[in-house]
Every structure is written in structure tokens, then in C-alpha cells.
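Here is the structure we will look at.
The values are calculated or read from the model by the stated rules, or taken from the named source; none is laboratory data. All values reported here derive from a predicted model rather than from experimental measurement. Cβ placement follows ideal geometry from the backbone for every residue including glycine, while neighbour counts extend to all protein chains displayed.
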Amino acid sequence: MAKIGYEKYLAQSVQHLKGVGQKRAALYAKLKIDTYEDLLKHYPRGYVDYSDVGNIGDAPIGEMIAVRAIVDTKLPPVRTKGGRSIARVYASTESGDELELIYFNNPYASQKLYIGQEYVFYGKLQGDLLKRQMTNPVLVKAEEMEGLTPQYPLTEGLSSRMVASNVRTILSDPNCEITEFLPDEILTKFQLPDRDTAIRNIHFPENQGDAYAARRRLVFEELFTLTLGMKMRKQRKKVVSNNSFTDLDASVFCKSLPFRLTNAQERSIQEIAADLAKHEPMSRLLQGDVGSGKTAVAAAAVYLAAKNGYQSAVMAPTEVLAAQHAETFRKFLEPFGIAVGLLTSSVKGKQRGELLNQISNGNADLVVGTHALISDDVEYKQLGLVITDEQHRFGVNQRAALSKKGSYPHTLVMSATPIPRTLSLILYGDLDISILDEMPAGRRHVRTLLVDDSYRERYLGFVRKNVEEGHQVYIVCPLVEESEALGDSTISATKYFETLKDKELKGISIALIHGKISSQEKTQIMEEFQEGKIKVLVSTTVIEVGVDCPNATLIIVENAERFGLSTLHQLRGRVGRSDLQSWCVLVSSKENDTSKARLKLLTETDNGFIIAQEDLKMRGPGDFIGNRQHGLPNLQVADMADDEKVLYAANDAAEQLICEDPDLKNYPEMKEQVERLFEDADLTMN
Ligand code: ADP
Ligand code: MG
């Protein structure tokens, strides 16, 4: 019988571990450590090297060091006026330096020390040139003198020493068997230690080399399991469907557009058409920076679906965007007799009933909407194509829910967030990818300025100038209302709107939009802005996603330091959507240098991929994707920015394996690992 990687021993509750009482188990629970296995997987975040005992004569004051010294004198504890006890101990090192050890409120610590005995003390070196001191130093144990001592992520009441000792207990039990699930060829090819060695060495490495190798193996394992899982998802989507289209000529549609498609758009349309001709459903990501023209590509796909007698659904993350899409698709597609419906949660009552009828009897060829499209009562006659816009806003499971409305429909997901290749392997490892890496001709680069609020009068003057020239302006604030502010000078949309309306922008038609106003009102305001009735729109980031108003030439972002770089790049993409020269003014009064340098990058490049990569480095993948809703397993050891090379290696290895053995028949333990990882993330493998 095949041995399963996690046998009973490791599945036990930490409560049963020798040395762990109820109190400590509760502390572990805070760190989400329930079983022995969880504890083994609680990897250290770094190490202290006690064997590298410093010479205090040379060590810089203020540094944490370990010192070997013999205790010479102990003074009895005395009480201070404040009621604290102080005990002083004097010790000398081999080189003859004297070290004063001060124990505050810790009489036992000094009582444990014997005169004439040598110890290693670890702590922050204090004092001056003449006198070296350490306050409440830690006594280093003999076993910690060998190798590196792990430092764990902790919670109050728990010390690294406690965790290390519990981990040691588990690892020294003969029942603790950590089985390998990676094939030998992979270990050899990538020079990885086996699993047992890696887990032992990540906790108690003898040297930095061992620690590095152990970490590398665990990072590989994590990324391999994740990419393998995504590939299995992709594999399982390759069912035979009868939704293969036969008429794949979109040229009439393409010629009807008011512009010439870019080469990238044409190439993407061809890639999509080739997928649609297959007897397995398309699973494709269309990735393109803001303004690269994804909507026209999507419309071409809808056109082909309709031509072949199939319905399409387009899901957008916000009502504003859904309404705008419906408008655009109508313009592009109604000339071909393609009927477009808009379904959002504000479509109610009779109107909703009628629309649902048209969807179920097939009269609606395209339904554009929000996640209302996946409500239970929406039934399609023959859904052949599903498109989700701004994919990163939806969880992977929502994507799947819409597809279930048809019988293996083709799916296209669109993302405007340029995602570094590393991350897209993980987020979209189950998709084929088309990239719009070319902007429509005639686009002018958006001039971006970084200023502080002493420029306010000037840039508000610039707002008036743009409006006088017949153009429109966005002003973005991080908060809706003042009450959310943390007592700082962060501008709220509501208050700023009031002052601008009455003072600086008096007489100009100005409106306020944010997430707290009703969606009907929002749609209304957006329409009026698009029609040019409203000249200046003050908002929060509700406008971040996809809004298209080519006449807008200026966007001002207040408290820019409060936004992520990718969000700012998205916001900037709201202007420069025509051949008019456009501007983006980032206002930040933070003196902080890193935040300045970060914002400065935006003034230097409008390459979304460079910005995304930088964002990823600074904020990590979780934040980068906007929320944790993406539904993918969290990475425990791997770091997207630092472990790029390992990711590519792991991805290649996973690819090779899945080609040889798509169902992992020969690798039951590996399969179990993958399933466990995806189960923990509550993500179906199908
Ligand atoms: P995004 O990729 O951000 O969704 P859109 O599809 O909204 O971009 O397109 C941005 C703007 O560019 C729209 O006004 C659209 O009509 C226009 N557009 C799209 N493709 C082209 C093209 N090939 N030439 C000129 N304008 C285009
Ligand atoms: Mg778009």
C-alpha cells in the first residue's frame, strides 16, 4: 500500500505533544497551529547564530550579540524606589573585557548563574567605551551553540525557544516520518534536498547553506504544488463540448469599427477564433494595459458566438462598468442584429422578468451585467461564450459559477492589471494568454506630475482651464467621509466636493460619486459625465475600473501615497483615451522618501508591467491583487518577487509531469498534496 505523506502521527493535535499544555495550545491556536504538522510547517523567519560568539571589545554598541563570559561576581538584588528589583552580575571574557549584566525584575535569572562558570549571553550590547552592559540577556543553551537557532513568528506569551523545543520533540519521535512526494528526477535535476531533510533543516540548520537549501526546497515544493494544481484544473477543463463554432470570419465586424484594429487586437481575435473552432471550451485570458482596447476584442468574440447561434454573457465588477459596457456593445453589435440586454441588481420587477424571459428564450444574444448574471433565476437558452472583465476583481469560483450556466461554454477573461509573468503563472496558470501589448495609434502619453499640496491653487486653476477648453476632469480622493480618516490631513471626497463646489470651482458643473451612493444614482451621474453635462467628477476609486470617457484630459489624485501603484496606474488610465494631450497630477505631501520614490516611478514610466513588478515587490501578491478574494491558496514560504527563478523551474517541472501523467496516477502522494492545498483555499479543482 502506498504510504500517505501525512500519517496519523503528524495529524495529532498539538495539545497531545509533550511540553504543550492547554495554555500553550491556546497560543498555538492563535497562530492557526492545530496539529503536529501545522507546527512543523510553522517555519522560522530567520536564525540567530550563537556559535558565532562575538568579542565585545570590537562589537558595536546597540547590536544584538552573543558573548562567552565567566561569571566573577554577583550582587544581591536591590529594590528601586519604583519597586523594581535590579540584580547586577559581573562577568569577564577570555580577552579580559568586563561585562556588566543587569537583570530587571528577574531575580531568578541571576540566582541560576554560578560564579566561576562560563556561559554564553545573548542580548543587546549597551554601555560606552569603558563599560559594556547587557540588560536581561538570554542564556544560550549548549544545544543552541551548535548551528543556527530558529526565530519564529510568534504571538505574545510564546517564545522562539518554546516553539523550537516543541518542534524538536516532534522531529525526534521515531514515528515522525516525513515522506517524499517529489520524484527523484526532479530532486536531482534541481538539486533539492529531500523533504525530510528540508523540514529538519529549515528548523535546525547547521549552517546558512543548509538553511538556504531547505528553504529553496520548500519554496519549490509550494510553487510546484500550486502550479501543478492550476494545470490540473486546466486539464480538467479540456472536456469535449459541442460548442465548436464553424463560422469564424469576423472581418465584416472588424471593418465596421470606427477605428483600425491594432496588430495586437487582430492577433488576439485570431487566437480567440482558433479556440472557438475547437471541440473543447476556450479558457483564455486577454491581458492588456488600460486603454489597449480589450472591449473591441471581446465584441468580436461575441459577434462570432452570435453568428454561430450562441448567446454570450459579459460580467463586469461594477454597475457603472456594466452599464457602460452595455452601451459600447450595443453600439458595436446592434448593427448586426445582435440584441444586447443589461442585467444588474438594480434591474427589478417587471423589467427584470422580461429580460429573464428574453435570456431564456434566446431573444437576448448578449447579456451584460454584474454578478447578478450568476443569480439562480437566470437561465440561458444556449450560452456559448462567457466573458469576465477586470478578472482580478472576481474570485476564481465566481468565474466558474458563470460558466456553469452553460454547457461547457467558451470563456474569456479580461484583465487590465498588467500582472507580472510570475504572478500570472499562479493566478492564471489554468488559462491560455493573449496579450495586447500595443496601444491604439495616436495615443499621447499622459504627462504625470508629482506635487505637494502647496500647488493646490495652481492645479485647481488648471482644472478650470481644462474645463474652459471643453474638456473634463476627474478628482480622486482616498476617502468618502472625514470620519474614516485617522485624524490626519487625508482629504475626503465629500468634504472636498463641498468646498470646491462653493469656492474654487464655483460655477462649474461638478458632481460627487462614491461607493456609498445608490447604484442608480451612480449610473445616472456617470451617464451625465459621459455626455459632457458634468465637467468635473469628484470621486473615490469607484472610477478606477474601466470607465471610458475620451473627453477627460486631467485627473488629479489627492493623497496619492495612500494608493497602490497599480491602482494609480489604473486611475491614470481614465485619461489619455483620445488624441487629446492629457495630464495626471499626483498630490502628496508626505515627506517620506520611499513613498516619494515610489510615486516618482509613475512620472517616469507608463509601462504597466514595470509598475506592476514594482508594486509586487513592495506590497506582496495578496495586496497586489486587491483583495484576498482571488480564491487561490496563500503562499506560505515563497515570495513572488524574490523566488522568480524557482517559480519558473517549478512551473516547468509541473508542466512536464502533467504532460506525462495528466491524472497523476503514478503519484498518489503528490495528488493528495495538491488536493489538500486547494481544499484549504476552498477552491474546487474542477
Ligand atoms: P480597455 O482595454 O482599457 O478596456 P477600451 O476597450 O475601453 O480599453 O478602449 C479604450 C478606448 O480606445 C475606447 O474609447 C475604444 O473605443 C478605443 N479603441 C479601441 N481600439 C482602438 C483602436 N484600434 N484604435 C483607436 N481607438 C481604439
Ligand atoms: Mg475595459
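Cβ separations smaller than 7 Å between residues 6+ apart or across chains give the following pairs from the stretch 155-167 residues that are touching a residue at least 12 places away in the same chain (Cβ under 8 Å) and at negative phi to residues that are among the β-branched types (Val, Ile, Thr) and part of a loop (DSSP other than H, G, I, E, B): Asn166/Val20.
Condition test on Thr328, is it within 12 Å of ligand 1 (Cβ to nearest atom), within 14 Å of Ser434 (Cα to Cα), outside the structural domain of Glu527 (by TED's automatic domain parsing) and surrounded by fewer than 24 Cβ atoms within 10 Å (Cβ to Cβ)? It is false that Thr328 is within 12 Å of ligand 1 (Cβ to nearest atom), within 14 Å of Ser434 (Cα to Cα), outside the structural domain of Glu527 (by TED's automatic domain parsing) and surrounded by fewer than 24 Cβ atoms within 10 Å (Cβ to Cβ).
With the condition being within 16 Å of ligand 1 (Cβ to nearest atom), I'd like the strands (runs of 3 or more DSSP E) fully within the stretch 402-488 carrying at least 1 qualifying residues. Steps first, please.
Details: elements: 410-415, 432-436, 447-451, 472-476.
Ranges flagged: 410-415, 432-436, 472-476.
Just one residue in the set Leu333, Leu285, Leu304, Leu261 is surrounded by 16 or more Cβ atoms within 10 Å (Cβ to Cβ) and away from ligand 1 (no atom under 14 Å from the Cβ); that residue is Leu304. Please work out which residue is modelled with the lowest pLDDT, limiting yourself to the stretch 642-662 and to residues that are surrounded by fewer than 18 Cβ atoms within 10 Å (Cβ to Cβ) and outside any helix (DSSP H, G or I). Selected residue: Asp642. With respect to Val297, determine if the residue is assigned to a helix (DSSP H, G or I) and more than 11 Å from ligand 1 (Cβ to nearest atom). Spelling it out, it is not the case that Val297 is assigned to a helix (DSSP H, G or I) and more than 11 Å from ligand 1 (Cβ to nearest atom). Any residue at all in the stretch 584-593 that's out of contact with any Pro (no Cβ under 6 Å at 6 or more places or on another chain), in a loop (DSSP other than H, G, I, E, B), crowded, with 21+ Cβ neighbours inside 10 Å and not assigned by TED's automatic domain parsing to the domain that holds Thr328? Yes, some residue in the stretch 584-593 is out of contact with any Pro (no Cβ under 6 Å at 6 or more places or on another chain), in a loop (DSSP other than H, G, I, E, B), crowded, with 21+ Cβ neighbours inside 10 Å and not assigned by TED's automatic domain parsing to the domain that holds Thr328. Taking Leu479, is it assigned by TED's automatic domain parsing to the domain that holds Trp583 and at pLDDT below 90? Taking the combined requirement at face value, the residue satisfies it.
Of all residues in the stretch 186-201, those satisfying the criterion of being in contact with a helix residue (DSSP H, G or I) (Cβ under 9 Å, 6 or more places away or on another chain), over 18 Å from Tyr43 (Cα atoms) and in a helix (DSSP H, G or I) are Ile186, Leu187, Lys189. Restricting attention to the stretch 416-449, the residues that are farther than 30 Å from Met282 by Cβ and buried (at least 20 other Cβ atoms within 10 Å of the Cβ) total 2.
Only one residue in Leu75, Leu39 is more than 27 Å from Tyr114 (Cα to Cα) and of a type in the set (A, V, I, L, M), so which one is that?
Values: Leu75 fails: more than 27 Å from Tyr114 (Cα to Cα).
When all the criteria are applied, what remains is Leu39.
The residue that is farthest from Glu334 (Cα to Cα), counting only those in the stretch 256-268 that are within 16 Å of ligand 2 (Cβ to nearest atom) and part of a helix (DSSP H, G or I), is Ala264. With respect to being assigned by TED's automatic domain parsing to the domain that holds Ser582 and part of a loop (DSSP other than H, G, I, E, B), Ile534 fits the description.
For the stretch 575-593, enumerate the residues that are at pLDDT below 90, of a type outside the set (A, V, I, L, M, F, W, C) and either within 13 Å of ligand 1 (Cβ to nearest atom) or closer than 14 Å to Tyr474 by Cβ (or both). Even if it seems obvious, please write down each step before you answer.
In the first step, residues of the stretch 575-593 are kept if they are at pLDDT below 90; the result is 576-580, 589-593.
Subset that is of a type outside the set (A, V, I, L, M, F, W, C): 576-579, 589-593.
Correct list: Gly576, Arg577, Ser578, Asp579.
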